[in-house]
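No value in this document is a laboratory result; all are computed from the given coordinates. Fair warning: this is a prediction, and the values are worked out from it, not measured in the lab. Cβ placement follows ideal geometry from the backbone for every residue including glycine, while neighbour counts extend to all protein chains displayed.
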Amino acid sequence: MKALTANRLVDGEVVFWDGGRWVERFADAKLYDDAAEAEAAEAHGKNQPKAVVDAYLIDLVESEGLWAPLSYRERIRALGPTNLNHGKQTEGGAAIAALKHAHGAARSTGRVDLIRRK
């Protein structure tokens, strides 16, 4: 499974693609299990230079019956700052719990490709 993420150009907020618009909550993101569909979404995201910057796909892992980013970096981006009293994590709920309890330290292949500038 994969999800598409980027940073909103106006304010730098981490956003996720839900299939028709950019949303701020990972729980609202569209998840892709088809590689071709995920790559098409990534291409669409990269073609929105006035809305977002650095759109890329992230790898997901199952956590507590839900999906969460595999890499620690992407989980931090989805939760907001690591300070427990700030960010999206203060909202609570099952999706936030899944993000907090997910395991895996692998880098997202999408981020590695972005670093390599493929």
Name the long-range amide H neighbours of S63: under 5 Å, sequence gap of 5 or more, or other chain; modelled H, no Pro or chain starts.
A68
Can you work out ³J(HN,Hα) from phi for every residue in the stretch 52-64, in order, using Karplus 6.51 cos²θ - 1.76 cosθ + 1.60 and θ = phi - 60°, giving whole Hz and x for Gly and Pro?
9, 10, 6, 6, 7, 7, 10, 7, 10, 9, 6, 9, 6
Taking the Cα-to-Cβ direction at K30 and at E64 and moving 7 Å from each Cα, how far apart do the two end points lie in nm?
2.7 nm
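Once you have the Cα-Cα distance between A94 and L9, take 0.36 nm times their residue separation minus that, and quote the gain in nm to one decimal.
Values: separation 85, 0.36 × 85 = 30.60 nm, distance 2.88 nm.
Net length gain for the segment: 27.7 nm.
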